[in-house]
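Only one structure is covered here, and it is reproduced in the block below.
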Amino acid sequence: MKLQLHPDYQHLEAFVRSIPSHGYAEEEVCWNRRNVVERVKTPDGQQDVIVKRFKPVGFFKGLIYTFFRKSKARRAYENALYLLRNGIGTALPIAYIEERRMGVFRAGYFVSSYLPYATVIDMYMPERASDSERAEIQRGLVAFLVDLHSRGIVPQDFNMDNIFYHRDAESGELKFSLIDINRMATGRHTGTRDAMKALSQVGVNVWWLRDFVTYYHDLTGADCDECAYQILAFSRRRMRRKRLLKKL
């Protein structure tokens, strides 16, 4: 077993080492599909952390992760450090674990701090956000994306479940944070197409897609017609893919 533990969390080493054998009781299962995401209380009861258990891989894919490519758990850990160094909000990385069999990668685990914030999906619920609050969140979200792209950071999973927001207690400003960042490109030159592809993942109807285009135009001066064409094309493509997957 390979373990990388953040220096600030050395006191959690015994707990982290117990994760592959599920030596803990989860407080909440946040996600249980291909991968499993659990909220867990540390043994001292002082902190909630998130444990992400990536789906085990077969032998041949294990060879790829052993010799040619970083595991998803390692990428999640290193990408979190990269975001924090660049002033981008994310859950604090605590550790990653790579479990091996006969020297070949088998499964990965990523441990991070727990973010007690609302996700962007909450803004679509009338009881969670008024129309004016929703507009403010949408504008802030577009500004957040523009800032990411200006730094050459392109998250591939920019969807409503992976973006958290909260209001800063001192300044009152909206702050955004990203999770599920094992698929993320850095050092990229980005343009309108990248932005519309990302925003198409967080718009649930044509009116909100329109709002995203308007806010993006206001911030960047990009051509509205081109933005509208791109965001609608990506949105239709996503919907076709969802329908196809349901039929399979």
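Of everything listed in (1) under 17 Å from I153 (Cα atoms); (2) out of contact with any Cys (no Cβ under 8 Å at 6 or more places or on another chain); (3) not hydroxyl-bearing (S, T, Y), the single unmet condition for M239 is (1).
Restricting attention to the stretch 151-172 and to residues that are touching a residue at least 24 places away in the same chain (Cβ under 8 Å) and more than 16 Å from the chain's Cα centre (by Cα), the residue that is surrounded by the fewest Cβ atoms within 10 Å (Cβ to Cβ) turns out to be G152.
Pick from the stretch 51-65 the residues that are within 27 Å of Y24 (Cβ to Cβ) and of a type in the set (V, I, T): which of them is surrounded by the most Cβ atoms within 10 Å (Cβ to Cβ)? Here the answer is V51.
Of the residues making up the stretch 222-233, one or more are touching a Leu at 6+ places or on another chain (Cβ under 6 Å) and at pLDDT 90 or above.
Candidates are the residues of the stretch 105-125 that are of a type in the set (V, I, T) and surrounded by 16 or more Cβ atoms within 10 Å (Cβ to Cβ); the one that is modelled with the lowest pLDDT is V120.
Here's the yes/no breakdown for (1) modelled with pLDDT of 95 or more; (2) of a type outside the set (S, T, N, Q); (3) outside the structural domain of V104 (by TED's automatic domain parsing):
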position: G23; (1), (2), (3): no, yes, no
position: E26; (1), (2), (3): no, yes, no
position: R39; (1), (2), (3): yes, yes, no
position: F59; (1), (2), (3): no, yes, no
position: S71; (1), (2), (3): yes, no, no
position: R85; (1), (2), (3): yes, yes, no
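Scan the stretch 96-107 and give yes if some residue there is over 17 Å from R53 (Cα atoms), in a strand (DSSP E or B), more than 20 Å from the chain's Cα centre (by Cα) and not hydroxyl-bearing (S, T, Y), otherwise no. Within the stretch 96-107, one or more residues are over 17 Å from R53 (Cα atoms), in a strand (DSSP E or B), more than 20 Å from the chain's Cα centre (by Cα) and not hydroxyl-bearing (S, T, Y).
Taken over the stretch 41-57, the criterion of being among the charged types (D, E, K, R) and modelled with pLDDT of 90 or more is satisfied by K41, D48, K52, R53, K55. Residues in the stretch 191-208 that are within 19 Å of the chain's Cα centre (by Cα) and either more than 19 Å from A135 (Cβ to Cβ) or buried (at least 17 other Cβ atoms within 10 Å of the Cβ) (or both): D194, A195, M196, K197, A198, L199, S200, Q201, V202, G203. Filtered by the rule that a residue be of a type in the set (A, V, I, L, M, F, W, C), touching a strand residue (DSSP E or B) at 6+ places or on another chain (Cβ under 7 Å) and not in a loop (DSSP other than H, G, I, E, B), the stretch 1-45 gives L3, L5, L12, V16, V29, C30, W31, V36, V37, V40.
The criterion of being free of Cβ contacts under 8 Å to residues at least 60 places away in the same chain, buried (at least 19 other Cβ atoms within 10 Å of the Cβ) and assigned by TED's automatic domain parsing to the domain that holds G187 holds for F144. When the stretch 2-22 is filtered for residues that are surrounded by 12 or more Cβ atoms within 10 Å (Cβ to Cβ) and of a type in the set (G, A, S), only S18 remains. Taking the criterion of being under 18 Å from I97 (Cα atoms), touching a Pro at 6+ places or on another chain (Cβ under 9 Å) and surrounded by 14 or more Cβ atoms within 10 Å (Cβ to Cβ), would at least one residue in the stretch 25-48 satisfy it? The answer is no, given that none of the residues of the stretch 25-48 is under 18 Å from I97 (Cα atoms), touching a Pro at 6+ places or on another chain (Cβ under 9 Å) and surrounded by 14 or more Cβ atoms within 10 Å (Cβ to Cβ).
One residue alone among E136, E98 is acidic (D, E), under 29 Å from G152 (Cα atoms) and touching a residue at least 60 places away in the same chain (Cβ under 8 Å), and that residue is E98.
The values are calculated or read from the model by the stated rules, or taken from the named source; none is laboratory data. Values in this document were obtained by computation on a predicted structure and should not be read as measured data. FYI the Cβ positions are ideal-geometry reconstructions off the backbone, even for glycines, and counts take in every protein chain you see.
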